[in-house]
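Right, one structure below, let's go through it.
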Amino acid sequence: MPQISGLPARRAALKLLDAVLRRGETLEQAAGLALRDMHKPADQALARAIAGEALRWLTDIDALIDSATNKRLADDVKARIVLRLMLAQSLRLDTPPHAVIGTCLPLLTGGPRRLAHGVFSTLMKREVSLPDMPTLPDAVRERWGDRAEAIAPGLALPPEVDLHIKDASQTANWQAKLGGASLAAGHVRVPRGTPIEKLEGYKEGAWWVQDLAATIPAAMLGVARGHALDLCAAPGGKTMAMAAAGWQVTALDLSKRRLDTLKSNLKRTELKASPIRADALKWEPKHRYDAILLDAPCTATGTTRRHPDVLHRIGPRQIAEMVEIQRALIEKAAAWLKPDGVFVYAVCTLESEEGEEQAAWVNETCGLEAQPITAEELPAGLQPTAEGWVRTHPGQLAEHGGLDGFFVGRWRKC
């Protein structure tokens, strides 16, 4: 039988959705297997987009499906999963109904195919639509509490692409060359979908990709004054920012693949650092450091705009596991600081257990003196908390396209 055009991308999207929702894999993990036989970048991008939008709007899509069935379909029934893909394409990617039907129904056979066709046709006749912002899963809304209402509007769209300019004094020049917008010195934002390698300045290493919120931690180290350690450094955005600021940087990471990316980025940007592959919980430095940046392993729920799978696979167990690892790393970092050394702790998560509660624990147990962050140190429009910490989330700077969720705290060793 001849292959139906577009069917491989839908089949791959089905595998992605199943891997995230049933096995708890990340989209990136699932993509390694689901996309391995797809040779066209456009097909891979389409599969990712379909699965991503289905996950981003899953609660609302499921509500539509339930409104058109007499008996609720179980979450893991294949007909429901295919319907999620169908509605994501129709309502978010503007795929014509006939194309949705022609490429998705072949994923089913027999009764499930007739059921999916009937539900989809019913919803199309009703001219259904999705709300202006995604409805968060109940468990997520409970965890995020009062912040959930402010965060949700920032999750409606995948983010644009932020570039960190190596020489901040050239920000206006690169903004003009790239045709982007700038929200801070050293930052330019360009539309998503832009082929990064083809942008002016890529080959000569004038900039690197880094979300605006992710630029804050390295900036909080202050004026360079010696040796700095970037813990959990790969893929290297913070390492490059520290090197560009004048620090002598040791960049530590356990992942060979990610560390190779860091080395490649350093070569492209012609910035200097000393990469080391090691487990930070087992490694011991040969000397103490003037500054340490710990961008700790975390649940990464702050990256929901680009990784909507975290909405559905992160829960109390994963958060508790990360908290334990983070505290062990914080204790290591505190011991490796010189007297008067600066310690910055950062996590790209929206969970208070990994952010605010960890910072309170540092204040009480680690022998470090809090160094409050000021508004003058932050991009325009952002404010520190009353404690002098930084808490960003996707709903902030919404008029400019938002930013990732981060927590940042700063201390000094007495």
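The values are calculated or read from the model by the stated rules, or taken from the named source; none is laboratory data. These figures come from a predicted structure and were not determined experimentally. Glycine gets a Cβ as well: all are built from the backbone with ideal geometry, and neighbour counts include every protein chain shown. Just so you know, the surface numbers come from the protein's heavy atoms only, side chains and all, with ligands and any DNA or RNA stripped out. Shrake-Rupley method; radii C 1.70, N 1.55, O 1.52, S 1.80 Å.
Residues that are over 23 Å from the mean Cα position of the chain (by Cα), touching a residue at least 40 places away in the same chain (Cβ under 8 Å) and open to solvent by 60 Å² or more (accessible area, probe 1.4 Å) do occur in the range 224-231, at least one of them.
Mind listing just one residue for me: the one in the range 25-47 that is buried (at least 20 other Cβ atoms within 10 Å of the Cβ) and assigned to a helix (DSSP H, G or I) and, of those, nearest to the chain's Cα centre (by Cα)?
Among residues in the range 25-47 that are buried (at least 20 other Cβ atoms within 10 Å of the Cβ) and assigned to a helix (DSSP H, G or I), the one nearest to the chain's Cα centre (by Cα) is 27.
Confirm whether residue 213 is touching a residue at least 60 places away in the same chain (Cβ under 8 Å), surrounded by 24 or more Cβ atoms within 10 Å (Cβ to Cβ) and among the small types (Gly, Ala, Ser). For residue 213, the condition - touching a residue at least 60 places away in the same chain (Cβ under 8 Å), surrounded by 24 or more Cβ atoms within 10 Å (Cβ to Cβ) and among the small types (Gly, Ala, Ser) - is met. Within the bounds of the range 170-190, is there any residue that is part of a loop (DSSP other than H, G, I, E, B), over 30 Å from residue 355 (Cα atoms) and open to solvent by less than 10 Å² (accessible area, probe 1.4 Å)? No: zero hits.
Residues in the range 359-403 that are in contact (Cβ under 8 Å) with a residue 60 or more places away in the chain, open to solvent by 40 Å² or more (accessible area, probe 1.4 Å), out of contact with any helix residue (DSSP H, G or I) (no Cβ under 8 Å at 6 or more places or on another chain) and not small (Gly, Ala, Ser): 400 only.
Name every residue in the range 326-355 that is open to solvent by 20 Å² or more (accessible area, probe 1.4 Å), more than 27 Å from residue 186 (Cβ to Cβ) and of a type outside the set (Gly, Ala, Ser), in order of residue number. Within the range 326-355, 327, 331, 332, 338, 339, 353 meet the criteria.
Filtering the range 24-50 to residues that are of a type in the set (D, E, K, R), in contact with a helix residue (DSSP H, G or I) (Cβ under 8 Å, 6 or more places away or on another chain) and closer than 17 Å to residue 308 by Cα leaves 25, 48. Going by the conditions given, is residue 337 out of contact with any helix residue (DSSP H, G or I) (no Cβ under 8 Å at 6 or more places or on another chain) and on the phi > 0 side of the Ramachandran plot? It is false that residue 337 is out of contact with any helix residue (DSSP H, G or I) (no Cβ under 8 Å at 6 or more places or on another chain) and on the phi > 0 side of the Ramachandran plot.
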